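Read the structure below first, then the notes.
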Amino acid sequence: MDLSWSAQDLEFRAEVRAFLDENLTPELRRAGRLTTSVYADHEASMAWQAILHQRGWAAPAWPIEHGGCAWTLTQHYIFSRESTLAGAPELSPMGIRMVAHAIIAFGTPAQQDYFLPRILTGEVFFCQGYSEPEAGSDLAALSMAAVDDGEDLVCTGSKIWTTHAGQANWIFALVRTSRSARKQHGITFVLIDMTTPGIEIRPLVMTSGEQIQNQIFFDAVRVPKANVIGAIDDGWTVAKYLLEFERGGGAMAPALQVMAESIAESAQRQPGPSGGILLDDPVFAAKLADARIRAEVLEILEYRVLAVVAAGGNPGADSSMLKILSTELSQEITELAMAAAGPRGRVYQPHATLPGGPVASFTPPADDYVSGEAWQAVATLRYLNDRAGSIYAGSNEIQRNILAKATLGL
């Protein structure tokens with residue numbers, strides 16, 4: 001794998017920078033800068049997706065015939081890093097980075113023709129229906145029933161921790177169509193129109209105060225069998241394929257590197273525990289140096305996985321490795337950001353940020369006063385949000401089990 005930047009790559013970087021300079025409005029940059037989790041402000045995210053789609057860059061990792069880009073591995077990395085540096089808001093991963101890959105790999109031509117163009121435009125906005133109250137990390141234990149009724153599956157049950165269910169008009173879900181000795185068998189992957197009668201959404205409040213997650217209740221919801229992706233009872237195959245893209249289909253290293261660089265800059269302005277500046281404190285400096293080194297290592301590992309994806313493959317068990325490394329490193333970096341923010345960073349100030357959803361039970365000051373700088377307010381909420389990183393998309397304990405089995409043969 002050649003990691004050197006060619007003249008073509010440098011030319012591409014200049015093209016990306018020019019595009020970002022021209023199209024990222026102050027409002028969009030602000031949304032990116034004040035994001036408190038992996039989900040940007042919904043309206044800003046969709047506005048940025050529309051701009052990217054117009055340029056043909058909304059889904060660069062897709063096959064070209066479906067609207068992707070013929071980018072090299074390095075160009076994918078350059079685009080990710082430059083977008084982060086410029087403050088671009090993140091796109092929702094549910095459609096473009098997740099279910100689209102399942103539709104491309106397992107969907108019928110009719111399903112591809114309908115959903116893929118609409119995912120690109122944002123006309124179809126997906127949420128994910130995997131976890132249930134009694135089936136989280138042990139996803140194969142799910143029990144939401146889907147009863148065969150002619151041309152339909154009649155679905156009854158609930159899904160939980162569903163991000164942006166209130167904004168989504170479609171959900172991709174795993175449902176139980178039969179039972180056997182092997183619990184992974186009998187699961188079916190379906191696409192459900194969220195306007196179908198019998199669906200109720202109840203918001204959940206996160207530790208950060210944001211209402212991004214939800215529980216969804218399905219009461220005899222009729223889903224056409226034409227909306228099944230893959231084969232009935234074989235949805236586990238589709239789900240495993242999709243999870244590889246959720247856990248390791250993108251590049252986290254650029255964002256973590258930018259965060260670490262920002263912390264180093266901020267630490268030069270903050271007092272240390274023994275006088276002087278925080279960056280001169282040996283304990284803090286050692287932790288920051290370790291985080292920056294690990295971000296460099298993560299970058300190389302992501303190169304390897306992106307090379308596989310760019311060649312038309314899927315990440316496989318490496319996605320579990322990337323999920324562990326990236327989420328645990330992100331948690332450590334948000335802890336360093338809290339330290340750099342100092343006492344002002346410990347003040348709960350969601351009104352100074354642009355979170356991925358509304359904030360419950362909080363009344364901002366009458367004059368919208370903010371203690372400290374905006375990044376210090378963001379540091380608190382990012383820290384709180386990031387505690388979930390080692391749990392969502394399959395807990396890191398489960399990912400270690402996958403690696404032990406698939407890679408080490410234990």
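The values are calculated or read from the model by the stated rules, or taken from the named source; none is laboratory data. Computed from a predicted model, the values in this text were never measured in an experiment. Here the Cβ positions follow ideal geometry from the backbone for every residue, glycine too, while neighbour counts run over all protein chains shown. Keep in mind that these areas ignore ligands, DNA and RNA; they rest on the heavy atoms of the full protein, side chains included. Shrake-Rupley method; radii C 1.70, N 1.55, O 1.52, S 1.80 Å.
Below are the figures for this structure:
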| read-out | value |
| --- | --- |
| Any hit, region 368-376, residues being of a type in the set (A, V, I, L, M, F, W, C), out of contact with any Ser or Thr (no Cβ under 9 Å at 6 or more places or on another chain), part of a loop (DSSP other than H, G, I, E, B) and open to solvent by 20 Å² or more (accessible area, probe 1.4 Å) | yes |
| Residue list for region 316-367, filter: in a loop (DSSP other than H, G, I, E, B), within 17 Å of the chain's Cα centre (by Cα) and not hydrophobic (A, V, I, L, M, F, W, C) | Pro355, Gly356, Gly357 |
| Check on Tyr130, more than 22 Å from Thr162 (Cα to Cα) and either hydroxyl-bearing (Ser, Thr, Tyr) or assigned by TED's automatic domain parsing to the domain that holds Gly32 (or both) | no |
| Subset of region 34-79 (residues that are crowded, with 17+ Cβ neighbours inside 10 Å and charged (D, E, K, R)) | Asp41 |
| Yes/no for Asp21 being over 18 Å from the mean Cα position of the chain (by Cα), among the acidic types (Asp, Glu) and not assigned by TED's automatic domain parsing to the domain that holds Tyr383 | yes |
| Cβ-Cβ under 7 Å pairs, at least 6 apart or on other chains, region 180-192 side touching a residue at least 60 places away in the same chain (Cβ under 8 Å) and under 11 Å from Leu142 (Cα atoms), far side charged (D, E, K, R) and not in a strand (DSSP E or B) | none |
| Which listed residue, of Pro364, Pro358, is open to solvent by 20 Å² or more (accessible area, probe 1.4 Å) and in contact with a helix residue (DSSP H, G or I) (Cβ under 7 Å, 6 or more places away or on another chain) | Pro364 |
| Cross-chain or 6+ apart pairs with Cβ under 7 Å, region 27-39 first and at negative phi, then among the hydroxyl-bearing types (Ser, Thr, Tyr) and in a loop (DSSP other than H, G, I, E, B) | Leu34/Thr353; Thr36/Ser208; Thr36/Thr353; Tyr39/Ser92; Tyr39/Thr163 |
| Subset of region 92-103 (residues that are surrounded by 21 or more Cβ atoms within 10 Å (Cβ to Cβ) and within 18 Å of Ala47 (Cβ to Cβ)) | Ser92, Met94, Gly95, Ile96 |
| In region 7-39, the residues that are of a type in the set (A, V, I, L, M), touching an Asp or Glu at 6+ places or on another chain (Cβ under 9 Å) and under 18 Å from Phe79 (Cα atoms) | Val16, Leu20, Val38 |
| Residue list for region 23-33, restricted to those being within 18 Å of Arg97 (Cβ to Cβ) and open to solvent by 50 Å² or more (accessible area, probe 1.4 Å) | none |
| Candidates Ala317, Ala291, Ala226 - the one that is at pLDDT 90 or above, of a type outside the set (S, T, N, Q) and surrounded by fewer than 19 Cβ atoms within 10 Å (Cβ to Cβ) | Ala226 |
| Flag for Leu279 being aliphatic (A, V, I, L, M), part of a helix (DSSP H, G or I), at pLDDT 90 or above and surrounded by fewer than 19 Cβ atoms within 10 Å (Cβ to Cβ) | yes |
| Pair list, Cβ under 8 Å, 6 or more apart: region 123-134 residue in a loop (DSSP other than H, G, I, E, B), other residue of a type in the set (Ser, Thr, Tyr) | Phe125/Ser92; Ser131/Thr162; Pro133/Ser158; Glu134/Ser143 |
| Flag if Lys159 is of a type in the set (D, E, K, R), in a loop (DSSP other than H, G, I, E, B) and closer than 17 Å to Leu243 by Cβ | no |
| Residue among Val154, Val175 that is part of a strand (DSSP E or B), aliphatic (A, V, I, L, M), open to solvent by less than 10 Å² (accessible area, probe 1.4 Å) and in contact with a strand residue (DSSP E or B) (Cβ under 8 Å, 6 or more places away or on another chain) | Val175 |
